[in-house]
């Protein structure tokens with residue numbers, strides 16, 4: 001890590017800690033994937049195939065009756081004109097690599113039942129957004145920054161989004177346990 005990256009990381013972490021203190025502990029609640037009504041999907045939209053997989057997954061969630069809101073990051077210098085969902089790009093990262101702008105702030109102000117960072121590899125700007133999100137339950141890739149997510153997913157192939165989604169849904173399905181009343185004889 002270069003000296004510049006260390007300085008950026010220091011200020012990004014410091015700002016994040018200050019904002020987290022301002023927000024307080026937040027409201028956590030029991031979340032059941034089956035009954036979740038609103039989901040925020042945070043993802044890297046740079047790669048067309050991964051972007052298509054996320055959009056397909058968002059469509060599937062919508063068909064299940066879930067309200068889905070997207071925020072993608074596109075790792076390009078110039079603003080893309082052909083995307084049909086909210087996104088931020090390099091220009092929306094400040095000098096310390098903190099995401100800024102109306103789309104990011106709007107996403108942060110939304111209270112989701114669940115926030116899913118759909119990327120098998122952790123990224124600093126996505127961790128920043130996830131940590132500050134008002135979501136009741138946060139899911140994302142395994143990282144040493146444990147304050148970002150409530151549930152972290154680790155997959156063997158860090159480039160396979162399908163494996164990440166499958167593993168996440170398997171874990172979430174296991175939490176969908178329904179309790180039946182015990183009848184007394």
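The values are calculated or read from the model by the stated rules, or taken from the named source; none is laboratory data. Every value quoted in this text rests on a predicted model; they were computed, and no experiment measured them. Cβ: placed from backbone, ideal geometry, glycine included. Neighbour counts: every protein chain shown.
Take the conditions within 13 Å of the chain's Cα centre (by Cα) and in contact (Cβ under 8 Å) with a residue 12 or more places away in the chain and apply them to residue 130. Does it pass? Yes, satisfied. There is at least one residue in region 107-120 that is assigned to a helix (DSSP H, G or I) and within 27 Å of residue 169 (Cβ to Cβ).
Across region 133-157, the qualifying residues are those that are out of contact with any helix residue (DSSP H, G or I) (no Cβ under 9 Å at 6 or more places or on another chain) and in a loop (DSSP other than H, G, I, E, B), and the one among them that is surrounded by the most Cβ atoms within 10 Å (Cβ to Cβ) is 135. Considering (1) touching a strand residue (DSSP E or B) at 6+ places or on another chain (Cβ under 8 Å); (2) at pLDDT 90 or above; (3) outside any loop (DSSP other than H, G, I, E, B), the lone condition that residue 171 does not fulfil carries the number (2).
Against the definition (modelled with pLDDT under 90, buried (at least 19 other Cβ atoms within 10 Å of the Cβ) and within 25 Å of residue 4 (Cβ to Cβ)), how does residue 122 come out, yes or no? Let's see the steps before the verdict.
Values: modelled with pLDDT under 90: yes; buried (at least 19 other Cβ atoms within 10 Å of the Cβ): yes; within 25 Å of residue 4 (Cβ to Cβ): yes.
Yes, satisfied.
So which residues in region 29-61 are farther than 15 Å from residue 165 by Cβ and part of a helix (DSSP H, G or I), if there are any at all? The answer is 48, and nothing else. For the residues 14, 19, the requirement of being surrounded by fewer than 18 Cβ atoms within 10 Å (Cβ to Cβ), assigned to a helix (DSSP H, G or I) and touching a helix residue (DSSP H, G or I) at 6+ places or on another chain (Cβ under 7 Å) singles out 19. Residues in region 23-37 include none that are in contact with a helix residue (DSSP H, G or I) (Cβ under 7 Å, 6 or more places away or on another chain), closer than 30 Å to residue 175 by Cα and at pLDDT 95 or above. When the test is whether a residue is under 19 Å from residue 35 (Cα atoms) and out of contact with any strand residue (DSSP E or B) (no Cβ under 8 Å at 6 or more places or on another chain), residue 166 passes it.
Residues that are in contact (Cβ under 8 Å) with a residue 60 or more places away in the chain and surrounded by 12 or more Cβ atoms within 10 Å (Cβ to Cβ) were ranked within region 75-110; the one that is farthest from residue 14 (Cα to Cα) is 110.
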